[in-house]
Structures are given as structure tokens and as C-alpha cells.
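Trainee: The structure under discussion is supplied below as C-alpha cells; questions concerning it will follow.
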Amino acid sequence: MRRLVVVLALAVAVGVTTYVVCYRRAMVAVVTPDGTDRELGWLKREFALAPAQYEKVLALHHAYRPICAEHCTRYIAVRRQFDELLKNQAGWSPAVAAAIADQARIQGECHASMLKYAYDVAACMSPEQGRRYLDMIKMQLTEGDPAGMFAAAH
């Protein structure tokens, strides 16, 4: 019996150690102490940003992060309300129409805010790189899901 307990304890210790090591390795590629360097490292490389340009973009990113989080929080809340409303409604109602309008309004505010941020970031780049960056962002706004809001709402 004692041997079984020792084997189980050893297995748990190996499992926990493996998890911690894998987690740290995975997170080191994503998160730095300020949470932004690796997050924006791709931007620095992709658009060949000089150190001064990168510092400006980093400052914009720090300023925009709470704004983006607020948009996401509001959108997720209204999306959850809408989902609940649809679960409890047997048919069309003014409440459903209002929920759809609220969701569209908040999403529109998010898109406008994100596009303004993108123009500010693009202004830190060379004109050619700025246009390329804006093309990428505009595509995300028109064809994609900014900040993964739809996935976060479920």
C-alpha cells in the first residue's frame, strides 16, 4: 500500500512539474512583464519599425488597451442579454429589436474606435507600411471579428 502511495505521489509531482514547465514555456512566447512587448513584437517585425516608431506604437497601445477592454465588456454584456432574451422569447418583440440595435451600436462604436487607433498607429509608420497596416486592419473590420468579440460573447 505504501508503495502505491509513493508511486501516485511521484506521478502527481511529475504531472504538476510538467504542467508548470509547459505553461511557462507557452506563456514566455506571449506575455512579458508589461504584457505588450511580445504582443506587439510581430508588428515591429512585420512593419520594420524603428525603435522610435515602436515606442510611439507601444504608447498608443497602452492608451488604447483599456478603451478596447471597455468595448469588449460592453459588447459581451449586450450579446449575453440578447442571447438570454432569445431563449425566453417565443416571437418578435420590441425588446428583441432594441437588443439588436444596442448590439449594433456598441459594435459600431468599437469599430470606429479601433479604426481611429489603427490610423494613429499607421501614422507612426512609413507611408507605405502605414497603408499596408491599414489595409490589414480594414480587412479585419469588414471581414473579420475585431478582438475576437464574437467568440468571447459565447
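Trainee: Scan R38, R105, R65 and give me the residue that is part of a helix (DSSP H, G or I), of a type in the set (K, R) and at pLDDT below 90. Let's see the steps before the verdict.
Mentor: Details: R105 fails: at pLDDT below 90; R65 fails: at pLDDT below 90.
Going through R38, R105, R65 in turn, the sole match is R38.
Trainee: Among the numbered criteria (1) in contact with a helix residue (DSSP H, G or I) (Cβ under 9 Å, 6 or more places away or on another chain); (2) of a type in the set (G, A, S); (3) part of a helix (DSSP H, G or I), which one does A48 miss?
Mentor: Only one criterion is unmet by A48, namely (3).
Yes/no matrix, rows are residues, columns are (1) modelled with pLDDT under 95; (2) charged (D, E, K, R); (3) within 26 Å of A118 (Cα to Cα); (4) not in a helix (DSSP H, G or I):
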| site | (1), (2), (3), (4) |
| --- | --- |
| T18 | yes, no, no, no |
| R24 | yes, yes, no, no |
| W42 | yes, no, yes, no |
| E55 | yes, yes, yes, no |
| L58 | yes, no, yes, no |
| H61 | yes, no, yes, no |
| R79 | yes, yes, yes, no |
| G91 | yes, no, no, yes |
| A98 | yes, no, no, no |
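Trainee: Hey, among the residues in region 96-136 that are over 21 Å from the mean Cα position of the chain (by Cα) and among the β-branched types (V, I, T), which one's farthest from I67 (Cα to Cα)?
Mentor: Step by step, filter region 96-136, then rank; the result is V96.
Trainee: I'm trying to understand the selection: among the residues of region 57-95, which are without any contact (Cβ under 8 Å) to a residue 12 or more places away in the chain and of a type in the set (A, V, I, L, M)?
Mentor: Passing the criteria: A59, A63, A69, A77, L86, A90, A95.
The values are calculated or read from the model by the stated rules, or taken from the named source; none is laboratory data. Keep in mind that this is a model prediction, so the values were computed, not measured. Here Cβ is always computed from backbone atoms with ideal geometry, including for glycine, and neighbour counts include all displayed protein chains.
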